[in-house]
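I have placed the structure first, in the form of structure tokens, so that the comments after it can refer back to it.
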Amino acid sequence: PKAVDVNGGLYVTTVSAGRSHMMCVTDHYEVFSWGDNACLQLGIGGGGGMHDSSRNPHWSPILIPSLIGGNIVSVVCAESHSVALTVSGRVLTWGNGKHGRLGHGNEKEINRPKVVDGLLGQKVVKISAGRDTNMVVAENDSKEKIVWSWGKGNDGRLGSDRTYDIHVPKVVVGIKRI
């Protein structure tokens with residue numbers, strides 16, 4: 001193991017390791033990413049807007065500028081996309097959009113974090129990401145928990161009673177208590 005310097009010694013509160021990229025959150029709710037960026041999974045953007053195809057890797061932690069002030073509390077690295085959760089329960093995704101895994105209603109790649117509109121109004125408390133899918137747990141005012149999923153849907157993996165891709169978050173049927 002080797003210590004990773006994050007911006008001169010900030011305190012790291014959470015980390016996540018993907019197939020070829022890493023992320024961490026600091027005690028100032030800042031997010032740093034590093035590693036491969038072939039699918040734009042680092043979230044650092046580029047000068048050409050949301051779909052800029054600048055895919056340069058970064059071999060040391062770099063601050064994700066669009067998340068400054070976003071109050072991020074958790075991050076998850078999947079194989080080729082990334083997910084973040086804010087203190088207020090919003091979910092953001094970026095990277096490879098194949099199979100609708102970003103939850104934005106399409107399959108476009110996005111080079112910087114974007115709020116998943118299909119979860120607005122939900123207080124998400126946990127995030128999880130697989131290679132081609134995502135699941136989150138939201139909590140309502142009565143503290144009841146609801147599971148949402150989206151992405152690649154073959155083999156019924158999304159719990160939606162369907163076997164096709166779902167490009168926006170849908171409630172997982174059949175889960176009554178968490």
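The values are calculated or read from the model by the stated rules, or taken from the named source; none is laboratory data. Owing to the predicted nature of the structure, the values given are computational and were not obtained by experimental measurement. Methodologically, a virtual Cβ is constructed for each residue, glycine included, from the backbone with ideal geometry; neighbour enumeration extends over all protein chains shown. Side chains are part of the model used for accessible areas, which takes the heavy atoms of the whole protein and leaves out ligands, DNA and RNA. Shrake-Rupley method; radii C 1.70, N 1.55, O 1.52, S 1.80 Å.
Assorted remarks:
- Selection from Val124, Leu85, Asn37 lying farthest towards where the dipole of the chain points positive, charges on Cβ: Val124
- Per-atom-type breakdown for the stretch 95-170 gives carbon and sulfur 43% of the accessible area (1.4 Å probe, protein chains only).
- Working note: Cα gyration tensor of the chain, eigenvalues times five, square-rooted, sorted largest first, giving semi-axes of 26, 19, 14 Å.
- Positive dipole terminus of the chain, leading residue within Trp150, Ile72, Ser20 (C-beta point charges): Trp150
- What you get for the stretch 71-118, charging only the Cβ of Lys and Arg (+1) and of Asp and Glu (-1), is a dipole of about 80 debye around the Cα centre.
- When you count the other C-beta atoms within 10 angstrom of each residue and take the mean per peptide, 19-30, 160-171 line up highest first as 19-30, 160-171.
- Average accessible area per residue (Å²) across the chain - probe 1.4 Å, nucleic acids and ligands excluded: 51
- Net lengthening on full extension, Ser128/Val15 (0.36 nm per residue, minus Cα-Cα): 39.4 nm
- Using C-alpha pairs below 8 Å separated by at least 6 residues, the relative contact order for the stretch 37-178 is 20 percent.
- Cβ-placed point charges (K, R +1; D, E -1), dipole of the stretch 21-178 about Cα centre in debye, nearest 20: 380
- Total formal charge among the other residues, if their Cβ is under 10 angstrom from that of Leu102, Lys/Arg +1 and Asp/Glu -1: +2
- Pairwise Lys count, the stretch 100-149 - Cα closer than 24 Å, eight or more residues apart or different chains: 7
- Local electrostatic count, Gly151, Cβ distance below 11 Å [Lys/Arg +1, Asp/Glu -1]: +3
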